[in-house]
Every structure is written in structure tokens, then in C-alpha cells.
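The values are calculated or read from the model by the stated rules, or taken from the named source; none is laboratory data. Fair warning: this is a prediction, and the values are worked out from it, not measured in the lab. So basically every Cβ, Gly included, is an ideal-geometry build from the backbone, and we count neighbours across all protein chains shown. What goes into the accessible areas is simple: the full protein's heavy atoms, side chains included, and nothing from ligands, DNA or RNA. Shrake-Rupley method; radii C 1.70, N 1.55, O 1.52, S 1.80 Å.
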Amino acid sequence: MTAPILRRLSELHALTGRWQAEGARIAVVPTMGALHAGHLALVSAAKAGADRVIVTIFVNPRQFDNPDDLAKYPRTEGSDAEKLAPLGVDAVYVPDPDQIYPEGFATTVSVAGVSEGLCGAHRPGHFDGVATVVSKLLLQTRAGCAFFGEKDYQQLMVVRRLVRDLDLPVEIVGCPTVREADGLALSSRNQRLSPAARARAPALFAALDAAAGAIGGGAAVAAALEEARGAILAGGFAAVEYLELRSAATLAPLAAADAPARLLAAAYLDGVRLIDNVPVPPAGG
Ligand code: PAF
């Protein structure tokens, strides 16, 4: 059955009010649309963990530091609704912009610490935009749990931090990155790659995976990162924006994998900025 598409907060509250009266646990899967199998995996996880599932689709202008990126962001509401139809989603919330940012909107949610460095260093204001819209979507949907992909690992850490700091009554569930058969992490940005660039794109994951294995096997971190950087460039990427080993729990920089760690990277291919990250097994573990 096709889920109702709601564009006004009053409609959303009428529905979630009924669900709450029935004692239902509500899950939300926040998205910006252009849905792919990674989003659909979040929806499946949400279905398994809640009584009612809301998918939100809102291309949030406040998290784009580059107007060109915002303009090029794919808007595919019709095909998104078709993809969600077989999954038994209970509602799709596609808020009109004034439902998120009403006239005079003047509040920013800003998370320090985990939002610094990595994408935060290269996309000024990005995580303020994410934290602000996610706070609103969690509150508007009255969700008891919310599902985010580990592909945007820093975003997941920012959301966990804000929920903890603001005592929002929501469980944040992180779900593993979904990959193509050749290792490329699913992303709506992949659509912007030319066929030749698409063929080269798996070099990013391959380099991260090899470096994580090497570091877990006891290789020196600096040497493994240098080798990975070289492999990404040799694989056809034009530039590596960052490539860093960080604590999986706090995102603090690590010089050695002596705590649960994550290797995170952003790199440019064919003018498209791709990000990816992998867990690093403890050295010698
Ligand atoms: O990951 C995304 O698609 C967006 O950053 C999110 C969480 C929906 C907020 O706009």
C-alpha cells in the first residue's frame, strides 16, 4: 500500500498523535530523497525495530556549503515514493520548506567536538545545518528511534552527541554502509559520476580496506595512510581531501590503532566529492 505523503506539520501531528495514543513506537528515517538501497536498508531496519515508520524527505538548504551542490542535488520524489511503496512505510513526510524554517527562524543547533575536522573542516556550517534539521525532524515526528547510515559516520556521531546533550527521548540506531558488489559505498552522488569515473570509484574503498587491514595487522599508521593516499590518486581520483584514523567512539585523532578506530576519507573524482569510512580492527587483535 502506498504511504500517505504529508507536507504540513499539522497533518503529521494528527497521525503521530493517533499512533502515540495507541502506544505505538515510532521510527523515523531522515533522508534528502534520491533514495537508493542504502536508504531502503535503513527503512527495513526501522520496520524491524518499531510499530510505525516515517521516512522524511527534505533537501535541507542549510547543510549545503556550496550553492552548486544544492542546485545539483537530485530531486526524485516520484521514484522515491515508488521505491518506498513495497516496504510498508506508514508515512512519508515531505515538509514544505516553511514547515522546517518558518518566517523568522533564528535557531541553530551547533555540536562542538565531533563536528570538528574531517568533513566539518572542509564544509563550513554543514554540521550546524545537519544538527538543526535533524533536531527538528526528531521532534516533529515524535520518533522513539531514528536510523542513520554509517556511511556518514561523522554525521552519525554528531547526531548521537546532540541527542545525548539535549536529552532528546530518541534512540539513535547506526546501520552498516551498503556497498555495490565492487565495494563502492552507495550514495546519491554516485549518479553524478560519468561511466569512466564510476569504473574508477571503487579505488576509494579498496584503499581504505587495505589500509585498515594493514593497520590492524600492525603496520605503522602514517605509512599505511600514505600508501592509501597514493592508491586513491593512482586509482584516478584527482585529490584526497582528508584521510585520517580516528577513534570510533569520539572521533579524536589516533596515531595508533590502540582503541576501536575508524579510517575516514573524502576524495574528488570527476568533480564529485565522495566520502567513505571503514572500521579498523585493533592492531594485533
Ligand atoms: O544524511 C542525510 O541524508 C542528511 O544529512 C539528513 C540526515 C537527512 C539531514 O538532512
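Quick rundown of the values:
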quantity	calculated
Exposure of Lys72 as accessible area (Å², to 10), given a probe of 1.4 Å and all protein chains	110 Å²
Top of Ala206, Ala46, Ala27 by mean-square fluctuation, Gaussian network on the chain, Cα under 10 Å	Ala206
Gain in span if fully extended, Asp258 to Thr107, counting 0.36 nm per residue against the direct Cα distance	50.4 nm
Within the accessible area of the stretch 160-285 (1.4 Å probe), percent carbon and sulfur	58 percent
Per residue, the convex hull volume that the Cα atoms of the chain enclose (Å³)	134 Å³
Radius 14 Å from Cβ of Ala143, net charge of other residues (Lys, Arg +1; Asp, Glu -1)	+2
Local electrostatic count at Ala234 - Lys and Arg +1, Asp and Glu -1, tallied over other residues with Cβ under 13 Å	0
Two-decimal Rg/Rh across the stretch 44-189, once Rg and the Kirkwood Rh are taken from alpha-carbon atoms	0.94
